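Quick notes on the structure that follows.
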Amino acid sequence: MTDSKKSRKVVFINGGRTPFLRAQTDFKKFSAYDLGRFAVTGLINQTKLNPKHIDHLFYGNVIQDVNTSNVAREVSLASGLGDHIPATTVSMACISSNVALTSAMNSIRLSQIDGAIVGGVEVMSDIPIRFRKKFRQKLLETQKYRKPTDWFKFFKGLRPSDLLPEIPSISEFSTGETMGESCDKMAAKYGVTRREQDEFALQSHHRADQAKDQLREEIYPVSIKNGEKLIDSDNGVRGDTSMEKLESLRPAFIKPHGTVTAGNASFLTDGASAALVMSEEKAQERGYQPKSILHSYSYVAQRPGDELLIGPAFAVPRVLDEMNLTFDDIDVFEFHEAFAGQMVTVLKALASDEFAQNRLNRDKKVGEVPDEKLNAWGGSLSIGHPFAATGIRLVTTATNRLIKENGKYALIAACAAGGQGHAMIIERYPEK
């Protein structure tokens, strides 16, 4: 959506997140409902938010718990916002909280609402595990049983294997392949080497380690074990990793010749994010100081087979063109790092005249992303990637980097399952 289609300017007041923790560590006993309310409560306290200034809560979640299928509403109620605020849960894989944000932007631009809380949550430590379909059907049939003898037919037709649990697989329904397998194929197609991937992963971890103080400013600490322990930092950053360590890891998906490993891929993560957005005039009227202006955004989709994660290469030029900008105008780049192979592929595609001519219908390449401007505080490979929470982390970090680095424009981009992608232009809010 271009700025020319809006009727009101949308501003980003502030945002933050819980620590992002590796699955099965300190957040393993929490639910998406728990982490979501921690993030939203942290945002409320940070912004000194008056609940009367919120008209809607949009929240992303990918792996949903049937008990809190509209987790946005449960989080809203638990955060003390009051029962008058509608809440919507959205899902678009790894760009779910981006959808939450742009949904709010659309409503604000059209004057349907004045302010919203947006964000997302994922708990990979507690994914829903169910029985297999045949056994589920048998269990549902028991609702019709009226006498004890009806139970004699329960096991008729069931095999022992039907009683085994069905564990969800993080794979594409359309192709049956995991993201790692698809990334391996895409990296091979675009000539991305194992060394390039390991070097990118190494840089992500070292940058996140060096920027831990800046990252901690974005984190809402979480108390666990009845207040005995306070979690105030991410636990996936490996500042001590080296090329030797990364090179020693074996391929994780396509064996033995694949190039994607546990070291150059993002890890399963628990975490939640939240941000406050408003129309500019209402923010000023209510006494909130915006940090940035949210401009043009795009969503794209490509074939999910050998180009599952290349979406940003198609989404980025759209928003640049809509704003009449080039890479020379961008001061901060914040791209989601699903895999190092995915990142290097996207960067190569953006810098390729051949890709531009054959795939983008452009005369020349989009441009080369300056390394020093890209993910200067680390990224998903090091910080972590709770699927639905990452989008708002990107916007929050991009905004804070603009302020600390005295920049004007930021570009965020992310890939998502299904061959989808997203990009957005953010502008630093002028100082008073």
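Read-outs: derived from the displayed coordinates by stated rules, not from any lab. Just so we're clear, the structure is a prediction, and the values are computed from it rather than from any experiment. Neighbour counts are summed over all protein chains in view; Cβ atoms, including those assigned to glycine, are modelled from backbone coordinates with ideal geometry.
The table for this structure:
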item: Number of positions in the stretch 48-71 that are of a type in the set (D, E, K, R) and under 20 Å from Asn106 (Cβ atoms); result: 1
item: Lone qualifier among Asp26, Asp65, Asp55 - being among the acidic types (Asp, Glu) and touching a Ser or Thr at 6+ places or on another chain (Cβ under 7 Å); result: Asp65
item: Residue match in the stretch 268-279 (condition: of a type in the set (S, T, N, Q), more than 30 Å from Glu218 (Cα to Cα) and either free of Cβ contacts under 8 Å to residues at least 60 places away in the same chain or surrounded by 23 or more Cβ atoms within 10 Å (Cβ to Cβ) (or both)); result: no
item: Count - residues of the stretch 377-390 that are under 19 Å from Glu196 (Cβ atoms) and outside any loop (DSSP other than H, G, I, E, B); result: 4
item: Which listed residue, of Asn50, Asn61, Asn70, is surrounded by fewer than 16 Cβ atoms within 10 Å (Cβ to Cβ) and touching a strand residue (DSSP E or B) at 6+ places or on another chain (Cβ under 8 Å); result: Asn70
item: Options Ala93, Ala116, Ala100; residue that is aliphatic (A, V, I, L, M), surrounded by 20 or more Cβ atoms within 10 Å (Cβ to Cβ) and under 28 Å from Leu309 (Cα atoms); result: Ala100
item: Condition met for Thr102 (part of a strand (DSSP E or B) and not basic (Lys, Arg)); result: no
item: Restricting the stretch 125-152 to residues that are assigned to a loop (DSSP other than H, G, I, E, B) and of a type in the set (D, E, K, R), the residue that is nearest to Gly271 (Cα to Cα); result: Asp126
item: Residue count, the stretch 323-350 (criterion: in a helix (DSSP H, G or I) and within 14 Å of Tyr409 (Cα to Cα)); result: 3
item: Matching residues, the stretch 9-40, being outside any helix (DSSP H, G or I) and small (Gly, Ala, Ser); result: Gly15, Gly16, Ala23, Ser31
item: Top-ranked residue in the stretch 351-376 [being among the basic types (Lys, Arg) and part of a helix (DSSP H, G or I); ranked as surrounded by the most Cβ atoms within 10 Å (Cβ to Cβ)]; result: Lys373
item: The lone exception for Leu81 - which of (1) over 22 Å from Phe38 (Cα atoms); (2) in contact with a Pro (Cβ under 6 Å, 6 or more places away or on another chain); (3) buried (at least 16 other Cβ atoms within 10 Å of the Cβ) it fails; result: (1)
item: For Gln420: the one exception among (1) crowded, with 24+ Cβ neighbours inside 10 Å; (2) under 15 Å from the mean Cα position of the chain (by Cα); (3) of a type in the set (S, T, N, Q); result: (1)
